[in-house]
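Inspection log for the structure reproduced underneath, given as structure tokens.
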Amino acid sequence: MNVLKGMVSGIGGPGCAIIMGTIVLVVTSLIVPGGPFIDNVDQTEFPEAIEALADNANLTHVITLLGILGAILVSFGLFSFFGLSGDAGSTTHAWLRFGVVLNLFHYAIFILASGLRHFLLIVEDGGVGTGGENEAVSLGLHAAGIGLHFAFLTVSGVASMALGVGLARRFGSLNVYAAFCWLLVLAGVLGLVNVIVGEHFGDDLEVVALISNIGILIAAVCLIVIGYGVHTGQSELVADDS
């Protein structure tokens, strides 16, 4: 009951949304078919990855829908940072606003990629043409989804850096919440460098994916801690009129 009351309060709502949305995103990324725990396959082998999704179509649909809802929850929580006070002309204010906008944008990319996955399953189930045409459409959709995922990873790195800097600089001294804000910055740097090096200089996308997952997991832990700070009313993380 207390949790439900907290969810609808000015402070608790955004904080709980960040925590729950982040947990949902982490869990769904782990149990998506073709991922680390269910019918694990090399995601660079497109036909095998598509087969893993199609063989677990019902689970894939549920996981995809939950992931979209998780992204919406986190977006709602992060949007509350627009209400944080500060000098509109300051660098900190600019970093924070830019970080919030960029995070909303990168979750939009994630939702688009999830929509492609939904349609891929429709093609695999009923098809839009002959067998060969369906296979070509499925490969095209999956390839487009991978492309969007790379865009998501790139934007995610910059978004984590900007949001982390914008929040961390609001703290007058280092505490647990400030430390996790700076850790969010480092997670963003790791993710961005990994994508740039992996795309242009690396030849093993599995290693790129592994490092990206580690960076995303670190960022997720940071968001959960920050969300808890919002939920408990940490002054640097909540608006003055909450």
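The values are calculated or read from the model by the stated rules, or taken from the named source; none is laboratory data. Being a predicted model, the structure only gives us computed values, none of them experimental. Positions of Cβ are backbone-derived with ideal geometry, glycine not excepted, and every protein chain shown enters the neighbour counts. Keep in mind that these areas ignore ligands, DNA and RNA; they rest on the heavy atoms of the full protein, side chains included. Shrake-Rupley method; radii C 1.70, N 1.55, O 1.52, S 1.80 Å.
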Only one residue in Leu217, Leu205 is at pLDDT 90 or above, among the aliphatic types (A, V, I, L, M), open to solvent by 70 Å² or more (accessible area, probe 1.4 Å) and under 20 Å from the mean Cα position of the chain (by Cα). Which one?
Leu217
Assess whether Leu210 counts as being aliphatic (A, V, I, L, M), without any contact (Cβ under 8 Å) to a residue 24 or more places away in the chain, open to solvent by 50 Å² or more (accessible area, probe 1.4 Å) and outside any helix (DSSP H, G or I).
no
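Going by the structure shown, is Val27 surrounded by fewer than 15 Cβ atoms within 10 Å (Cβ to Cβ), among the hydrophobic types (A, V, I, L, M, F, W, C) and modelled with pLDDT of 85 or more? Lay out the reasoning, then the answer.
Numbers: surrounded by fewer than 15 Cβ atoms within 10 Å (Cβ to Cβ): yes; among the hydrophobic types (A, V, I, L, M, F, W, C): yes; modelled with pLDDT of 85 or more: yes.
Taking the combined requirement at face value, the residue satisfies it.
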When every residue in the range 51-87 that is open to solvent by less than 20 Å² (accessible area, probe 1.4 Å) and at pLDDT below 90 is compared, the one nearest to Ser114 (Cα to Cα) is Thr60
Among (1) small (Gly, Ala, Ser); (2) at pLDDT 85 or above; (3) touching a Gly at 6+ places or on another chain (Cβ under 7 Å), the one test that Gly13 misses
(3)
What are the residue pairs meeting all of these: first residue in the range 142-162, first residue under 24 Å from Phe98 (Cβ atoms), second residue open to solvent by less than 20 Å² (accessible area, probe 1.4 Å) and polar (S, T, N, Q), Cβ atoms under 6 Å, and 6 or more apart or on different chains?
Leu153/Ser212; Ala159/Asn103
Being crowded, with 17+ Cβ neighbours inside 10 Å and either at pLDDT 90 or above or not basic (Lys, Arg) (or both): is that true of His231 here?
yes
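Looking at Gly166, Gly188, which is the one that is surrounded by 19 or more Cβ atoms within 10 Å (Cβ to Cβ), without any contact (Cβ under 8 Å) to a residue 40 or more places away in the chain, of a type outside the set (A, V, I, L, M, F, W, C) and part of a helix (DSSP H, G or I)?
Working: Gly166 fails: without any contact (Cβ under 8 Å) to a residue 40 or more places away in the chain.
So the residue among Gly166, Gly188 that is surrounded by 19 or more Cβ atoms within 10 Å (Cβ to Cβ), without any contact (Cβ under 8 Å) to a residue 40 or more places away in the chain, of a type outside the set (A, V, I, L, M, F, W, C) and part of a helix (DSSP H, G or I) is Gly188.
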Against the conditions (1) assigned to a loop (DSSP other than H, G, I, E, B); (2) under 20 Å from Phe82 (Cα atoms), where does Ser173 fall short? Just the number, please.
(2)
